[in-house]
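Trainee: Got a structure for you, written out below as structure tokens; questions coming shortly.
All of the numbers you see were taken from the coordinates with simple rules; none came from a lab. All values derive from a computational prediction rather than experimental measurement. Cβ: placed from backbone, ideal geometry, glycine included. Neighbour counts: every protein chain shown.
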Amino acid sequence: MSLVVDILSAICLLTGSFLILSGVIGVIRFPDFYTRIHAAGITETLAASLILIGLMLIAGWGLVLFKLILILLFILFTSPTASHALGKAAWKSGLKPHGLVNKHDED
Amino acid sequence: MNNMFLIVTTITLLVVMALALIRAFAGPTVFDRVLAGNLFGTKVVLLIAVMGFLTGRPDFLDVALTYALINFISVIGILRFVEITRKSSPKEQS
Amino acid sequence: MIVFELFNYWIVIVLMMIGFFIVISRSNLIKKIIGLNIFQTSVFILYISTGKISGGTAPIIAENVTVYSNPLPHVLILTAIVVGIATTALALSLVIRIKASYGTVEENEILQRDQS
Amino acid sequence: MSMDAVDVAFTEAAVGAGISPLLMLATLAIVGRYQKTSATLPSPAAAFILVFITGSLLIVGTLDMPAFGAADAPAQLHVAPRYIHLSGEEIGIPNMVTSVLASYRAYDTLGEVVVIFTAGIGVLSLLGFSNSQNNAYFIDKIIAQDEHKILRIVAKILIPPILLFSLYVQFHGDFGPGGGFQAGVIFAAAIILYTLFFGLEVARKVINQTFIRVLASLGVLLYGSVGLVSLLSGKNYLDYHVFADDPQTAQHIGILVIELGVGITVACVMMLIFFSFIENIKQEEVR
């Protein structure tokens, strides 16, 4: 039983690590702000949840589990909201997506 | 056995934080920098949680929780102030 | 190996010198305050790192733990951080007043205006 | 975390990541971001050389410092072992940082709280004790232009848990990381989040300005009067043993009251500072 939990938590941790790595590579490599926010926003939520779930599996019952669930809830709430706020603020400030810029310049 | 995976996760998190810092320095617009800062912040939350388990005292998740909250507040606040600064000095807007 | 024994002081010094450089080489008062903040942070790290005892854990009493790190620097720095933000706020409000009466926050422009 | 300073990490997380950059940005918003940089001071090269020399001298100076983590460094030898070994029995709470902060060195902490309070008064007197009769804050105009509905809803969901969490931090400081300083800052951060989305005008209605001014002073007074009570009962200043017969219970009561005073003062001063910063944001005149 404990071995199964260990393996599950290891899988969760490793998948989470892979996802954040891919997310940050997207943030580094993508050409403009909106694609970057896409890379960061999408991977961040799932990766953070996976890592926290992996930790929960290690933690077992108790106050620690409760706090981890609390952190997970907060991250699930705040991370998409922050991404939304960023995207909206960037759009309002007049930042256009990569492809659109050229079109407008030519007009 | 479990520790090994925790260490792997920690190292990945550190690498990711370094890469996010690169974007924060390079980012052409202020929003790129805020995005990288947000990314850095969530990674710090995860890092504190993982480190708590790694050092064997997972009671200290309070710090991670605080960081998650405050990180959100400061990202939102920074965006608000970017907006305010842009609107309070209209002549600089090009 | 001396590098691993003293690296905490070196990190502190590098950080401290970055702050110092900003303070003496920028004329913008807000940048100077940011430099002072970096300097202050380096002092915090210096204090905290002297409190560490290898093999010890955080100074919260727990079972099966005998070695704790030194709680005294933690107390000093804990209060110093909050005092630091309060004094930073004071400095920033001084900058706001300077801007209101001089119309600039550049140090050399303020000096020029004083002399003329 | 690798230096085991949980409480400090807590404070730095709350202060360094939240309040401090927001204050900087508020100042930038007031002062105007795009200052023309006419001429920097003489030359960066001279400054760099000076910094380099100082840094090298300091590094030479570290060579005979005790090594990182050494258990026999002078800092570990004198008063710290007493705190570590006896605080469990004398104070009876697990978190040594709290027991040193609020009991052994309560007098120092009183000084720090007074410094924070004084800084708050200084900020208020520099930026003006406006009693907000004019209802035209610039930030309210901006918020009215752009309501951010989603963020408002999320803020409404998040603020009560944050306030609750700050109370948890306040009263759990005896057992885990936390205490008055951190709780005050977190509380203030929640109010700041509220202000940024619902406007200064509304926030001023929720948090009465005069009330928090009085409350900030009451926090310091609470702290000081604890000391006065013990002084009048014939013990030393801030000696908690007058509150109960059992020394550990007495310490518990004393620490609880003192942390409460600290928390109230810090929260109120941070809110006051933030309010007086953002009410100074104005539309820049076009010259």
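Trainee: How tilted is helix B:2-26 with respect to the longest principal axis of chain B? Cα atoms for both, answer in degrees (0 to 90, nearest 10).
Mentor: 20 degrees
Trainee: For a Förster distance of 22 Å, can you work out the FRET efficiency between the beta-carbons of residue D:86 and residue D:118, rounded to the nearest 0.05? Spell out each step's value before the answer.
Mentor: Details: r = 34 Å, r/R0 = 1.53.
Once rounded, the FRET efficiency stands at 0.05.
Trainee: Ok, one more. Give the distance, in whole Å, between the Cα centre of the stretch D:194-260 and the Cα centre of the stretch C:88-106.
Mentor: Answer, in whole Å: 32.
Trainee: To the nearest 20 Debye, how big is the dipole of the protein assembly as shown about its Cα centre, given +1 on the beta carbon of each Lys and Arg and -1 on that of each Asp and Glu? Write down the numbers at each step before the final one.
Mentor: Details: 36 positive and 38 negative charges, 381 e Å.
With only Lys, Arg, Asp and Glu charged at Cβ, the dipole is about 1840 debye.
Trainee: In which sequence would C:63, D:89 go, from the one with the fewest C-beta neighbours within 10 Å to the one with the most? Numbers along the way, then the final one.
Mentor: Values: C:63 4, D:89 9.
Starting with the residue having the fewest Cβ neighbours, the order is C:63, D:89.
Trainee: Still on this structure, please answer the following. Give me the Kirkwood hydrodynamic radius of chain A in Å, from all C-alpha pairs, to one decimal place?
Mentor: Working: mean 1/r = 0.0635 Å⁻¹.
The answer is 15.8 Å.
Trainee: With each label point set 7 Å from Cα along the Cα-Cβ vector, what nm distance links residue C:10 and residue A:76?
Mentor: The answer from the label model is 4.6 nm.
Trainee: Of C:52/D:235; A:88/B:43; C:32/D:141; C:31/D:156, which sit over 25 Å apart, Cα to Cα?
Mentor: Values: C:52/D:235 35 Å; A:88/B:43 23 Å; C:32/D:141 31 Å; C:31/D:156 35 Å.
From C:52/D:235; A:88/B:43; C:32/D:141; C:31/D:156, over 25 Å: C:52/D:235; C:32/D:141; C:31/D:156.
Trainee: Could you please report the charge total around residue D:141, scoring K, R as +1 and D, E as -1 over all other residues with beta-carbon less than 11 angstrom from its beta-carbon? Walk me through the numbers on the way to the answer.
Mentor: On the way: positive: B:87, D:282; negative: D:140, D:146, D:201.
Result for the neighbourhood of residue D:141: -1.
Trainee: Hey, what did chain D get for relative contact order, percent, Cα under 8 Å, at least 6 apart?
Mentor: Working: 285 pairs, mean separation 78.7, N = 287.
Relative contact order of chain D: 27 percent.
Trainee: Under the definition of partner shielding as Cβ atoms of other protein chains within 10 Å of a residue Cβ, what is the mean value for peptide D:195-207? Don't jump to the answer; show the numbers that get you there.
Mentor: On the way: counts 2, 7, 3, 0, 0, 0, 0, 0, 0, 0, 0, 0, 0.
That works out to 1 on average.
Trainee: May I ask you to derive the FRET efficiency for residue D:201 and residue D:150 from their Cβ-Cβ distance with R0 = 22 Å, giving the value to the nearest 0.05? Mind showing how you got there, number by number?
Mentor: Numbers: r = 22 Å, r/R0 = 0.99.
FRET efficiency, residue D:201 to residue D:150: 0.50.
Trainee: Given labels modelled 7 Å from the Cα in the Cβ direction, how far is it in nm from residue D:78 to residue A:69?
Mentor: According to this spin-label approximation, the distance is 4.9 nm.
Trainee: Cα-based Rg of the stretch B:2-92 per 2.2 N^0.38 Å, rounded to two decimals? Don't skip to the answer; put the middle values down first.
Mentor: Numbers: Rg = 16.4 Å, N = 91, 2.2 N^0.38 = 12.2 Å.
The stretch B:2-92 yields a ratio of 1.34.
Trainee: Of C:85, C:75, C:105, which is farthest on the positive side of the dipole of chain C, counting Cα position, with +1 on Lys and Arg Cβ, -1 on Asp and Glu Cβ, and the Cα centre as origin?
Mentor: Projecting each Cα onto the dipole axis, the largest value belongs to C:105.
Trainee: Next question, about the same structure. Order by neighbour count: A:61, C:10, fewest other Cβ atoms within 10 Å first, most last. Before the final figure, lay out the partial values.
Mentor: Numbers: A:61 7, C:10 14.
If I rank by nearby Cβ atoms, fewest first, I get A:61, C:10.
Trainee: Once the mean 1/r over all distinct Cα pairs of the protein assembly as shown is inverted, what Kirkwood radius in angstroms do you read off? Write out the running numbers ahead of the final one.
Mentor: Details: mean 1/r = 0.0391 Å⁻¹.
Taking the inverse mean of 1/r over all distinct Cα pairs, the protein assembly as shown comes out at 25.6 Å.
Trainee: Per-residue ellipticity at 222 nm for chain D, helices alone: DSSP H runs ≥ 4 residues times -39500 (n - 2.57), over residue total, nearest 500 deg cm²/dmol?
Mentor: Details: 13 runs with 194 residues, N = 287.
After summing the helix terms and dividing by the residues of chain D, the value is -22000 deg cm²/dmol.
Trainee: Expressed as a rounded percentage, what relative contact order does the stretch A:2-106 have, with Cα pairs under 8 Å and six or more residues apart? Display every interim value, and only then the final one.
Mentor: Values: 84 pairs, mean separation 31.8, N = 105.
It comes to 30 percent, rounded to a whole number.
Trainee: For residue D:157 paired with residue C:114, estimate the spin-label separation in nm (one decimal), with each label point 7 Å from Cα along the Cα-to-Cβ line.
Mentor: 5.4 nm
Trainee: Taking every Cα atom in chain D, find the radius of gyration and the maximum pairwise distance Dmax, and write them in Å.
Mentor: Spelled out, the Cα radius of gyration and Dmax of chain D are 23.0, 71 Å.
Trainee: For D:240, D:104, which order do you get if you count the other beta carbons within 10 Å of each Cβ and list the fewest first?
Mentor: Details: D:240 26, D:104 21.
So the residues, fewest neighbours to most, are D:104, D:240.
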